[in-house]
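Here the structure is laid out as structure tokens; the discussion comes afterwards.
The numbers here are math on the coordinates, done by the rules we state, and not lab data. Since this is a predicted model, take the numbers as computed values, not measurements. We place every Cβ from the backbone using ideal geometry, glycine too, and count neighbours over all the protein chains shown.
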Amino acid sequence: MRTSIIGYPRVGALRELKFATEKYFRAEISADELQNTAREIRKKQWNIQKDSGVDFIPSNDFSLYDNMLDTAVLFNIIPERYVALGVSASDTYFAMARGYQGEAGDVKAFAMKKWFNTNYHYMVPEIDDNIELKLAGTKPFDEYEEAKELGIQTKPVVVGAFTFLKLLRYVGSKTAEDYTEAVIGAYSELLARFNNLGAEWVQFDEPYLVHDLSAEDISLFEKLYSGILSSKNEVKILLQTYFGDVRDCYRNILALDFDGVGLDFVEGRKTLDLVTENGFPEGRLLFAGVVNGKNIWKNNYKKTLSILEELKKKEIDTVIGTSCSLLHVPYTLKNETKLPEKYTAHFAFAEEKLTELAALKMLSECDWTGAGVLQENAALFVDRPDCRDAEVQERVAKIDENDFVRLPEFSTREAIQKEWFHLPPFPTTTIGSFPQTADVKANRTAFRKGEITEAQYIAFNRQKIAACVEQQEEIGLDVLVHGEYERNDMVEYFGEQLNGYLFTEKGWVQSYGTRCVKPPLIWGDVSRIKPMTVEWSTYAQSLTEKPMKGMLTGPVTILNWSFPREDISLKESTCQIALAIRDEVLDLEANGIGIIQVDEAALREKLPLRKSDWYSEYLDWAIPAFRLVHSGVKAETQIHTHMCYSEFTDIIQAIDDMDADVITFEASRSDLLILDALKENDFKTEVGPGVYDIHSPRVPSIQEIKSALDKMLKKISPEKLWVNPDCGLKTRGTAETTASLENLVAAAKELRNEN
Ligand code: GLN
Ligand code: ZN
């Protein structure tokens, strides 16, 4: 058996590409110097893969910013507004990626969207009727040749025609179908070029195939590939799927003339059944994604070998591979100096996964039952140290249906709370964080490095809180926040204070562009050690007569932004986290905090790709987990939640079933579409659709905010409407924040006068 990698991380093990691009944006290095860094990164990791014995090494999986954007440029999809800037090719590319504001003009970037069910965001290229879709770029060929010159034969990777057409944004009158001929032509030409260059295989990534597909989708897929494959020459073609199984089109795939088909045996619940029940044609290669490309746990060799054994029995010619690109895991454990070996022994980051592939290849070729490597590996799955906590497990086991139900029911509580808080109509508030200015970050860093004492650290933050409270009072906001100065990140902050969590030093994973996040690892049973936010919140409350909102992150978001365990279900992990947050909610309440916000910014993130799985695989436990957090509070305690994406019109009932008292969300950028859905669904929860976009430094005028509110009032009854920005203010500057919030309060006052 041979081994294959779908794609490798690309930002550099120490984020070299991020720092180089940032220097380029600041005009500190030239485009050539940036390319040199990129070339170094590619060279290094091709060699690492080669030295690990990987048989199918990818090329063109690299990107300076994003692969979808690269594919758009490759096929000439560069809207006129970017061409019109008349800047260099490299600056045009980055204008599409990040927008451009300068002497040559002022254009916005392409939109950004979540890449399937990952935390990576891709650029959504726009195609209009004037664009001629054709092969125009050379990046895949250049990178293929670059590797070849290093003595490495690679398998170039390109986003497949179907996925590409499905993900494009059509801004003209044409649709995907109108481009089929052009796309077939462009991909055929690409294959011809690779043929001339001597490539043996080309990989087309088609993750879109793991969705629920309509008959039209399948026929588009078939049309595209009958066309592309009809011009096939010497180059072999691998159709690579990932992030699930291809149950809707498995036979259609096999009916086409692919030389290899890549299937995901990790996330694809039905993959093995599909293959064993329908068979797999002789003479083709099955690229079996058996090593998890998305999580950081070591592979269970015995389990994997039993899958490979089954494929062998069916005489299927199998290549051992990863379930998806390794883009979604950190580079290597080699850079982790602080995690004890008793923990790291259980992890495999990208580089370590290469070793796993080599081991699996070796084992699958011999009679593996007695091999030492196998025994060593099996021992890892018998038990892990410090991961079980009987008390936590008992507590989870004792949860019953009533724990998910808050009483009295919503409308009764709503009346009680109106009476209790006496807030003016259209109450104003913010989402939690205030600007994280340099001094705030410096204070945290100094404390972390031991340069200041804890007392000094706290004193500084208290000063910040006091100033923040005073500022909010001056502005005239109704429900105040403490500003979140103590937080580096809304998940890490809580993870660091919970039992069961581990942290890496260099475990960066790309989130968008060359920006990375460092997800914590859930190692064991999660519980709260002691109150986490109570001191900050009660201090802030002591400074004002107005209600001070407690500020927590919800269990689903904490889970979704961490690397989860694989030995217990996501549902169980989430319940453990929910209980820990529940304890914090009750402590806040007991200490006089009457309004508590539990952020579920990432609730939508792990929604399954197949609609048919939305409830059974996810929402059926995710929503109750949130309710578990707040079901124990008194009727007059007001629970808020916040979600970042307003793209929840299709799960609106589930959101209402979270049974929060108030929900705030981003709405300013989505044309307030969600308002219709709220009205149609008779949404009971009070709502604060964001009245301005905090992702931009511009200050919204009173008029602008007022007119947004007027629109909202057409769909939302006045007693349910809150007035707030669309997200936390931590990335903003102080001056623009004050000005924007003053306008927000002024607009709310106008509204009160009119209603
Ligand atoms: N309370 C958080 C903040 O204001 C919410 C952040 C978020 O929605 N991502 O920063
Ligand atoms: Zn948000």
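Work from the charge dipole of region 716-755 (Cβ charges, +1 for Lys and Arg, -1 for Asp and Glu, about the Cα centre) and give the residue of Ser740, Cys727, Asn753 farthest towards its positive end.
After comparing all options, I get Cys727.
Using Cβ counts within 10 Å as a stand-in for footprinting exposure, how do Asp259, Asp367, Asp212 rank, fewest first?
Ordered from fewest to most neighbouring Cβ atoms within 10 Å, Asp259, Asp367, Asp212 come out as Asp367, Asp212, Asp259.
Place a +1 charge on the Cβ of each Lys and Arg in the chain and a -1 charge on the Cβ of each Asp and Glu, then give the dipole magnitude about the Cα centre in debye, rounded to the nearest 20. If you can, show how the numbers build up before the last one.
Working: 87 positive and 119 negative charges, 216 e Å.
Approximately 1040 debye in magnitude.
Tell me which residues come under 5 Å, amide H to amide H, from Thr154 once H is placed; ignore anything under 5 positions away on its chain.
none
How are the alpha carbon pair distances in region 617-683 distributed across 5 Å bins from zero to the largest one, expressed in percent?
Result returned by the calculation: 3, 15, 26, 25, 17, 11, 3, 0.
When the Karplus curve 6.51 cos²θ - 1.76 cosθ + 1.60 is applied with θ = phi - 60°, which whole-Hz ³J(HN,Hα) does each residue of region 436-452 get, with x for Gly and Pro?
Once θ is set to phi - 60°, the couplings for region 436-452 become 8, 6, 4, 5, 5, 5, 4, 4, 5, 4, 4, 5, 4, 7, x, 7, 10 Hz.
What dipole magnitude, in Debye to the nearest 20, does region 320-474 give about its Cα centre under +1 on Lys/Arg Cβ and -1 on Asp/Glu Cβ? Please report the intermediate quantities before stating the final value.
Values: 18 positive and 25 negative charges, 100 e Å.
My answer is approximately 480 debye.
What percent does the relative contact order of the chain come to when contacts are Cα pairs within less than 8 Å and at least six residues apart?
Dividing the mean separation by the residue count of the chain yields 11 percent.
Over the chain, what is the percentage of antiparallel beta bridges among all DSSP beta bridges, to the nearest 5?
Approximately 20 percent, going by the DSSP bridge assignments.
Measure nothing but the geometry: give the 0 to 90° angle between the long axis through the Cα atoms of 350-365 and the longest principal axis through the Cα atoms of the chain, rounded to 10°.
Roughly 40 degrees, rounded to the nearest 10.
In whole Hz and in residue order, list the ³J(HN,Hα) couplings for region 406-418 that follow from phi through the Karplus curve 6.51 cos²θ - 1.76 cosθ + 1.60, θ = phi - 60°; x for Gly and Pro.
Result, rounded to whole Hz: 8, 10, x, 6, 3, 5, 5, 4, 4, 5, 4, 5, 4.
Apply the Karplus curve 6.51 cos²θ - 1.76 cosθ + 1.60, θ = phi - 60°, to the phi angles in region 529-545 and return the couplings in whole Hz, x for Gly and Pro.
In residue order, the calculated couplings are 7, 7, x, 10, 10, 4, 5, 4, 5, 5, 4, 4, 5, 5, 8, 8, 7 Hz.
Kirkwood Rh, Cα Rg: Rg to Rh for region 354-452?
Dividing the radius of gyration by the Kirkwood radius yields 1.28.
For helix 454-475, what angle does its Cα long axis make with the longest principal axis of the chain, in degrees from 0 to 90 and rounded to 10?
Here the helix axis deviates by roughly 70 degrees.
Rg (Å, one decimal) plus Dmax (Å, integer) for the alpha carbons of region 404-453?
Computed over the Cα atoms of region 404-453, radius of gyration and Dmax are 20.2, 52 Å.
Using the Cα centre of region 181-281 as the reference point, and only Cβ charges (+1 on K/R, -1 on D/E), how large is the resulting charge dipole? Debye, rounded to the nearest 20. Mind dumping the intermediate values first?
Details: 8 positive and 18 negative charges, 40 e Å.
Value, rounded to 20: 200 debye.
Taking Cα atoms, how many degrees apart are the long axis of helix 301-313 and the longest axis of the chain, rounded to 10 and kept between 0 and 90?
Here the helix axis deviates by roughly 40 degrees.
Rank the residues Cys468, Cys516 as a footprinting-exposure proxy: fewest other Cβ atoms within 10 Å of their Cβ go first.
Ranking Cys468, Cys516 by Cβ neighbours within 10 Å, fewest first, gives Cys516, Cys468.
How large is Rg over Rh for region 596-745, taking Rg from the Cα atoms and Rh as the Kirkwood inverse mean of 1/r across Cα pairs?
0.98
Can you pull out the GluC sites (Glu not before Pro) in region 1-106 that DSSP calls coil and that have at most 14 other Cβ atoms within 10 Å?
Glu28, Glu103
With 21 Å as the limit, write out which pairs from Lys441/Lys506; Lys148/Lys236; Lys679/Lys711; Lys303/Lys518; Lys298/Lys398 have Cα-Cα distances beyond it, or answer none. It would help to have the intermediate numbers written out before the result.
Details: Lys441/Lys506 19 Å; Lys148/Lys236 17 Å; Lys679/Lys711 12 Å; Lys303/Lys518 29 Å; Lys298/Lys398 31 Å.
Flagged as over cut-off: Lys303/Lys518; Lys298/Lys398.
Considering amide H positions built from the backbone, and no H for Pro or chain starts, which residues 5 or more places from Leu285, or on another chain, come under 5 Å of its amide H?
So Leu285 has HN proximity to Gly260, Val261.
Provide the descending list of Cα extents for the chain along its principal axes, expressed in whole angstroms.
76, 63, 53
What ranking of Ile316, Ile465 emerges when the number of other C-beta atoms within 10 Å of each C-beta is taken as an exposure proxy, fewest first?
Ile316, Ile465
Just need the relative contact order of region 126-206 here, percent rounded to a whole number, with Cα pairs under 8 Å and 6+ apart.
The value is 49 percent.
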